[in-house]
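What follows is calculated from the coordinates using simple rules that are stated; it is not laboratory data. All values derive from a computational prediction rather than experimental measurement. All Cβ positions, glycine included, derive from the backbone under ideal geometry; neighbour counts span all protein chains shown.
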Amino acid sequence: MKRFNILSILLFAIIWSGCSISQNLALPDSLAPKMFRNAAPKDSSSIGDLPLKNFISDLTVQNLIDTALVRNYDMQIALKNIDAAEVLFKQSKLGYLPELKLQVTASSSRPSDNSLNGLSLNQFTGSTHIEDYNANLGVFWEADIWGKIRNQKAGALASFLQTGEARKAIQTRLVANVAQGYYNLLMLDAQLEIARKNLKLNDSTLRIINLQFDAGQVTSLAIQQAEAQQLNAAGLIPRLEQNVALQENALSVLIGTMPKSINRLSRLDQMTIPQDLNAGFPSSLLSRRPDIKSAELALNVANARVGVAKASLYPSLVITASGGINSFKASNWFSMPASLFGMVSGGITQPIFQRGQLKSNLALAKIDREKSVIQFRQSVITAVGEVSDELTKVEKLKTQYSIAEKRAQTLQQASRNASLLFKSGMANYLEVITAQGNLLQSELELTSIKTEQLNAVVGLYRSLGGGWN
């Protein structure tokens, strides 16, 4: 009869183990717009789908990125987080299995001679102490009636996948930062070259003015203004050299090495801006952007926690069994089958009053789930906004560069003409100094815009979810 009751309980557990008392909250549909602002996609293809080495072809940048992916400490921490989440996920997969424990004990107790236990022990065994030797295997198994274990497993899986998406997000950011740091370094090199070239031009102008001063053709004011212009160009050089060193240090730290000089095999004017920068459709971001995927997985985790919290309100069925050998004498501890014993039991526990803790846990889990939906919406809007920003930059910087390039060419010709006219006495020193100063600023501005273009292209690639594949 007892065996029949135990089997009935087990059958009941198996029948109800597939029940689920929590309904998952779905992600909102049609959250992404049909197209990005200021962009008319040609087709569904996107530069975000391009492998990293196909998008960034410069070998120096590729080597820096490869080093960063291995040695950057944020990447190393992300990989350790993945390892930790994998351990927890593997542990959750064992939730359906029973717990098995081995226990071996030996004890000896001596009750008081004046106690009831002592008098009874002396009367029946003729001994003043009692020994107990026990070795048993115990089994504990909780039936997953309401899907609590299943939800715990689903939550652990989503958390594990989240760490993978977090690593991808760190990698996309790291790739963009390394590439942009290198482009900034090329810009500083170009600006340093411009400053030194302008300084030589100012030196030549100052020598001519000094000769004219000695000939009485100009006053000391001309020398002072020419020297001021020369010092302005000279002051740029140490400032730019400082910025080069700081940028090299920042890039070194980013790739996980001690601050050092960064080898450059290319120049800023050799870097080309890709012309075909198709962004595709915003809906593709939902499957490509790591932060959006992470937000989606966060909702899965929240759904699982709601399921666990709700299952805690319902009865839990626990089956326990133990068996082994037991004796009050060491000499016949292993005597078979006299020392054998066994026990099987099943119980149902229903929480009744826990000061509202379980209901509070369920309410908090539901609130967290609603927050996850809001965070998912925010991640999509943020991603679409980032892509739109970078598309705007790419478009407008192209126009700015075209204008700045024409202005620099005009000022280069104006500076050459001013120098020739000055030497022939047909232009005064102020016209030369003004032309050289304007040329310096225009050439520096041109390098800045070119770097902004390169950075905007990399930013567009990252915002479209590229860089982790």
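Derived from the Cα gyration tensor, the three semi-axes of the equivalent ellipsoid of the chain are 80, 28, 17 Å, largest first.
Give me the distance between the Cα centres of the stretch 236-270 and the stretch 348-377, rounded to whole Å. Cα centres, the stretch 236-270 to the stretch 348-377: 52 Å. One Cα centroid belongs to the stretch 436-461, the other to the stretch 48-98; the line between them spans 33 Å. One decimal place: the segment ILE403-SER266 gains 46.8 nm when fully extended, by the rule 0.36 nm per residue minus the C-alpha distance. In order along the stretch 437-445, phi translates into HN-Hα couplings of x, 5, 5, 4, 5, 5, 5, 5, 5 Hz, rounded to whole numbers, per the Karplus curve 6.51 cos²θ - 1.76 cosθ + 1.60 with θ = phi - 60° and x for Gly and Pro.
Compared with the alpha-carbon gap, the fully stretched path from ARG37 to GLU445 is longer by 144.1 nm at 0.36 nm per residue.
If you take the Cα centroid of the stretch 156-198 and the Cα centroid of the stretch 285-323, the two points sit 35 Å apart. Rounded to the nearest whole Hz, the Karplus-based 3J(HN,Hα) values (6.51 cos²θ - 1.76 cosθ + 1.60, θ = phi - 60°) of the stretch 275-285 follow the sequence 8, 8, 10, 6, 8, x, 9, x, 4, 6, 4, with x at glycine and proline.
The phi torsions of the stretch 91-106, fed into the Karplus equation with coefficients 6.51, -1.76 and 1.60 and a -60° offset, translate into couplings of 5, 5, 5, 8, x, 7, 7, x, 7, 10, 10, 9, 10, 10, 9, 9 Hz, rounded to whole numbers, with Gly and Pro shown as x.
How charged is the neighbourhood of LEU231? Take every other residue with its Cβ under 15 Å from the Cβ of LEU231, and add Lys/Arg as +1 and Asp/Glu as -1. Net charge in that neighbourhood comes out at +1. The protection proxy used here, the mean number of other Cβ atoms lying within 10 Å of each residue, ranks peptides 167-180, 365-378 as follows, highest first: 167-180, 365-378.
Basic side chains Lys and Arg get +1 at the Cβ, acidic Asp and Glu get -1 at the Cβ, and with that the dipole of the chain about its Cα centre reaches some 1040 debye.
Counting Lys and Arg as +1 and Asp and Glu as -1 over every other residue whose Cβ lies under 13 Å from the Cβ of PHE422, the net charge comes to +2.
On the basis of the beta-carbon distance and an R0 of 45 Å, MET336 and GLN357 show a calculated FRET efficiency of 0.40.
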